[in-house]
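Colleague: Could you have a look at this structure, given as structure tokens, before my questions?
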Amino acid sequence: MTSKETEKVFRALETLRIELPSWGFANTGTRFGKFLQPAAATSLEEKFSDAGQVHALTGACPTMALHVLWDLPKGVAGSRDVINLANRYGVQPGAVNPNLFQDQIYKHGSFGNPDPDVRKIALEHVVESTAIAKALNSRDISLWFADGSNYPGTANIRRRKKWFEELLRTAHTALSSGQRMLVEYKPFEPAFYHTDIADWGMALLLARAAGPQAKVLVDTGHHYLSQNIEQIVAWLLSEEMLGGFHFNDRRYADDDLTLGSIDPYQVFRIFHEIHYFEWETGSHADIAYMVDQSHNLKGKIEATIQTVTFAQELFAKAALVDHKRLAAAQHKADLIPAESCLQDAFASDVRPAIREWRRSKGLPDSPMQAFHESGYLERISLERAERNMSTAASYA
Ligand code: PSV
Ligand code: MN
């Protein structure tokens, strides 16, 4: 690798900050059951502690996303405790995720519920979540709605769209000037006939209806099979509407697998669109890179370290695309040279340059190895095992 390429890798890594999800450290499962891990976090303090480990070893994860119901059941009143934990463990609160899907009242939806009382409660929860975010000094309110229906004819799709527009607009008025609202889409699950915000076009229209501080959030697991995600990313960039990502990988549905484990070239292509946009426009794309994975089989902290370091690798590879050569080849419709620009960069081994960058930051060469050698996993496994093993739940 030339020194110019090493420099590109360094520059890319300097800008990549990856937010970790608090729920990625807790015991989660499938519809069929949970496989409990002795080291899983069962309190917010343990989640901060685990996220702190990942950040200390990778130097790339200064924030942790919070889910209001799971992490802040006391609402705004709980924010002081959160700030204390954040300071103790060296990881600041990240995006605040309201929970509009777990309460019994949300059986038929939240913002799309035909009952005005339920819609009002849902709106109040989003407004309260915005106040929590302000108290925590976090910028983004990240909205995902499970709303939808399971059977044709059972929901008034157009009316629900109107309710979403109205309520998002009202929720937007609660934002302070630096805050953003992120609107996430998902084609199905838990609803299996229609989902109110099913794709990026619907999320874009609703974000536009909400107001200027609303942007779209792309969860990489929330698309139909074979959908061209990098094209969606390119369009959202060009519309200045790409607010953030939820990273994970999938083979079938929203599988929550580690990023790039199934299709690393797709993640590379997504990163390439971002680098290419920045090169062409000379502007910085203000994107929140967040992980949204819950690990049922892999060790949670290890899976998170693996995700972060692999994201760094793919981001660095994408930074190596020769943009000038690419633009010229595209201009002449010189297909094979154009395609080779991407393939050459993808084939580059960026690991030595990443190791060098880590050394320059006083970070371990291999965060994973350093984690294994640290004894942290053994310690928390002993400390937490008893509590974890007593929380087994059945879906029967
Ligand atoms: C829904 O599948 C989702 O992707 C949303 O982002 C939620 O907040 C998250 O998963 C956790 O359930
Ligand atoms: Mn998500």
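The values are calculated or read from the model by the stated rules, or taken from the named source; none is laboratory data. Remember, it's a predicted structure, so these values are computed and weren't measured experimentally. A quick note on method: Cβ atoms are made from the backbone with ideal geometry, for glycine too, and the neighbour counts reach across all protein chains shown.
Colleague: Looking at Gly243, Gly260, Gly221, Gly282, can you tell me which residue is at positive phi and in contact (Cβ under 8 Å) with a residue 12 or more places away in the chain?
Modeller: Gly260
Colleague: Looking at Gln330, Gln306, can you tell me which residue is of a type outside the set (A, V, I, L, M, F, W, C) and either assigned to a loop (DSSP other than H, G, I, E, B) or touching a residue at least 12 places away in the same chain (Cβ under 8 Å) (or both)?
Modeller: Numbers: Gln330 fails: either assigned to a loop (DSSP other than H, G, I, E, B) or touching a residue at least 12 places away in the same chain (Cβ under 8 Å) (or both).
Selected residue: Gln306, the only one of Gln330, Gln306 that is of a type outside the set (A, V, I, L, M, F, W, C) and either assigned to a loop (DSSP other than H, G, I, E, B) or touching a residue at least 12 places away in the same chain (Cβ under 8 Å) (or both).
Colleague: Can you find a residue in the range 69-86 that is surrounded by fewer than 17 Cβ atoms within 10 Å (Cβ to Cβ) and within 20 Å of Pro367 (Cβ to Cβ)?
Modeller: No, the range 69-86 contains no residue that is surrounded by fewer than 17 Cβ atoms within 10 Å (Cβ to Cβ) and within 20 Å of Pro367 (Cβ to Cβ).
Colleague: Sticking with this one: Of Leu236, Leu204, Leu225, Leu175, which residue is buried (at least 21 other Cβ atoms within 10 Å of the Cβ), more than 14 Å from ligand 2 (Cβ to nearest atom) and in a loop (DSSP other than H, G, I, E, B)?
Modeller: Selected residue: Leu175, the only one of Leu236, Leu204, Leu225, Leu175 that is buried (at least 21 other Cβ atoms within 10 Å of the Cβ), more than 14 Å from ligand 2 (Cβ to nearest atom) and in a loop (DSSP other than H, G, I, E, B).
Colleague: Still on this structure: Hey, any hits in the range 150-170 for a residue that's small (Gly, Ala, Ser) and away from ligand 1 (no atom under 16 Å from the Cβ)?
Modeller: Among the residues of the range 150-170, at least one is small (Gly, Ala, Ser) and away from ligand 1 (no atom under 16 Å from the Cβ), which makes the answer yes.
Colleague: Follow-up question, since we're still on this one. Exactly one of these conditions fails for Val216: (1) free of Cβ contacts under 8 Å to residues at least 40 places away in the same chain; (2) assigned to a helix (DSSP H, G or I); (3) among the hydrophobic types (A, V, I, L, M, F, W, C). Give me its number.
Modeller: Only one criterion is unmet by Val216, namely (2).
Colleague: Return the residues of the range 207-222 that are touching a Pro at 6+ places or on another chain (Cβ under 8 Å) and more than 16 Å from ligand 2 (Cβ to nearest atom); say none if nothing qualifies.
Modeller: none
Colleague: Suppose we filter the range 332-353 for residues that are hydrophobic (A, V, I, L, M, F, W, C) and exposed (fewer than 14 other Cβ atoms within 10 Å of the Cβ); how many remain?
Modeller: Looking only at the range 332-353, we keep the residues that are hydrophobic (A, V, I, L, M, F, W, C), and these are 333, 335-336, 338, 341-342, 345-347, 350, 353.
Then drop every residue that is not exposed (fewer than 14 other Cβ atoms within 10 Å of the Cβ), which leaves 333, 335-336, 347.
Matching residues across the range 332-353 total 4.
Colleague: Still on this model: Glu189 passes all but one of (1) under 26 Å from Arg17 (Cβ atoms); (2) within 19 Å of the chain's Cα centre (by Cα); (3) in contact (Cβ under 8 Å) with a residue 24 or more places away in the chain; which number fails?
Modeller: Going through the list (1) under 26 Å from Arg17 (Cβ atoms); (2) within 19 Å of the chain's Cα centre (by Cα); (3) in contact (Cβ under 8 Å) with a residue 24 or more places away in the chain, Glu189 breaks only (1).
Colleague: Looking at (1) at pLDDT 95 or above; (2) surrounded by fewer than 15 Cβ atoms within 10 Å (Cβ to Cβ); (3) touching a Gly at 6+ places or on another chain (Cβ under 9 Å), can you tell me which one Glu313 breaks?
Modeller: With respect to (1) at pLDDT 95 or above; (2) surrounded by fewer than 15 Cβ atoms within 10 Å (Cβ to Cβ); (3) touching a Gly at 6+ places or on another chain (Cβ under 9 Å), Glu313 is out only on (2).
Colleague: Return the residues of the range 233-254 that are more than 16 Å from ligand 1 (Cβ to nearest atom) and either of a type in the set (Val, Ile, Thr) or modelled with pLDDT under 95 (or both); say none if nothing qualifies.
Modeller: Across the range 233-254, the qualifying residue is only Val233.
Colleague: Taking the range 258-280, which residues are farther than 13 Å from Asp219 by Cβ and either part of a strand (DSSP E or B) or within 16 Å of ligand 1 (Cβ to nearest atom) (or both)?
Modeller: The one that is farther than 13 Å from Asp219 by Cβ and either part of a strand (DSSP E or B) or within 16 Å of ligand 1 (Cβ to nearest atom) (or both): Thr258.
Colleague: Then there is this: Do any helices (runs of 4 or more DSSP H) lying entirely in the range 1-112 carry at least 2 residues that are away from ligand 1 (no atom under 16 Å from the Cβ), and which ones are they?
Modeller: Passing ranges, in order: 3-15, 44-58, 79-89.
Colleague: Which one of Tyr185, Tyr89, Tyr193, Tyr106 is more than 16 Å from ligand 2 (Cβ to nearest atom), in contact with a helix residue (DSSP H, G or I) (Cβ under 6 Å, 6 or more places away or on another chain) and aromatic (Phe, Trp, Tyr)?
Modeller: Of Tyr185, Tyr89, Tyr193, Tyr106, the one residue that is more than 16 Å from ligand 2 (Cβ to nearest atom), in contact with a helix residue (DSSP H, G or I) (Cβ under 6 Å, 6 or more places away or on another chain) and aromatic (Phe, Trp, Tyr) is Tyr89.
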